[in-house]
Amino acid sequence: MGFKLTPIDVVEHISREDFHRLYLLPRRPLVIKNLSHGWPGYGKWSLDYMKEVVGDITVPLYDSSKADPAAPINAASTEMKFGDYIDLIQREPTDLRIFLFDPIKHAPALLADYAFPKALMGGFLDKYPTLFFGGAGSETFLHYDIDMAHIFHTHFGRKHVILFDYKWKERLYRMPYATYALEDYSVEHPDTQRFPALEGVEGIECFLEYGDTLFMPTGWWHWMKYLDGSFSISLRAWDESWAVKAHSLWNLTVQRQFDNWMKARFHQRYMTWKEQLAVKRAHHALSRGLPR
């Protein structure tokens, strides 16, 4: 048993009207197969191409180990020359990932290789969107994006993705004062004996292929697994709701600063308290039959 996963909706293309009515306004995920097919970079974006245009800069790397209770969130575990990292993920599986890195700043020629999907919506945020790289088998821990943006996530390779509506946050063992879940369970193979609140949680599953674009609405929890050495680009856009914007501001300022201060001051004691509270809240939500 475990999660109740249903396949994601998949379209080759979609009109602005249908996108707004069926996915943006109800905030439902979608895979659009050909959104990137008109990009100048489509077909040429590969690991070798990225290695060539980005150059031999040093990049921060992240692994799948549990977060250091004394470190700020998103603290890197090591670093490596970009070219050496690309060689590594082409050569063998590894759990090392490049996360929230801006190679476009170092390779402005990449700016001409992609296009924001403004035919579908407005409100896009970044001049330099973030790229994500991973080796085969590497996983992105279960979380929702701290800035509460809508995401158009286009992958160049193969990736397994599982998503959950924000309403399931407590049943997913959300860590207090954070945007990620308890790291002690497998999203791919959840142990509902140890973590009973996961039983029956409803999610959406998809498998991305080269050039596929995943639309992730604001607040959706997501877990990702690279099925080969590959990379993605995320284009972010604001939700029109001022309540969502306020939630974003709270996450980025008050919540993050408080969490970092508490970790720096109390270390493992604070993290243990957070984990215990996450479990308590999850089991309380389960006992009440939440969410309804």
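Quick notes on this one:
- Conditions (1) touching a strand residue (DSSP E or B) at 6+ places or on another chain (Cβ under 6 Å); (2) open to solvent by 60 Å² or more (accessible area, probe 1.4 Å); (3) basic (Lys, Arg); number of the one not met by Lys225: (2)
- When residues of the range 226-251 are limited to those that are assigned to a strand (DSSP E or B) and in contact with a Gly (Cβ under 7 Å, 6 or more places away or on another chain), the one farthest from Asp87 (Cα to Cα): Ala237
- Condition met for Val254 (part of a loop (DSSP other than H, G, I, E, B) and among the β-branched types (Val, Ile, Thr)): no
- Of the criteria (1) open to solvent by 70 Å² or more (accessible area, probe 1.4 Å); (2) out of contact with any strand residue (DSSP E or B) (no Cβ under 7 Å at 6 or more places or on another chain); (3) at pLDDT 95 or above, which one Tyr210 fails: (2)
- Top-ranked residue in the range 118-146 [being under 27 Å from Pro190 (Cβ atoms) and among the charged types (D, E, K, R); ranked as most open to solvent (accessible area, probe 1.4 Å)]: Glu139
The values are calculated or read from the model by the stated rules, or taken from the named source; none is laboratory data. Note that this is a predicted model, so its numbers are computed, not measured. All Cβ positions, even for glycine, are placed from backbone atoms using ideal geometry, and neighbour counts span all protein chains on display. Note: areas computed on protein heavy atoms with side chains; ligands, DNA, RNA excluded. Shrake-Rupley method; radii C 1.70, N 1.55, O 1.52, S 1.80 Å.
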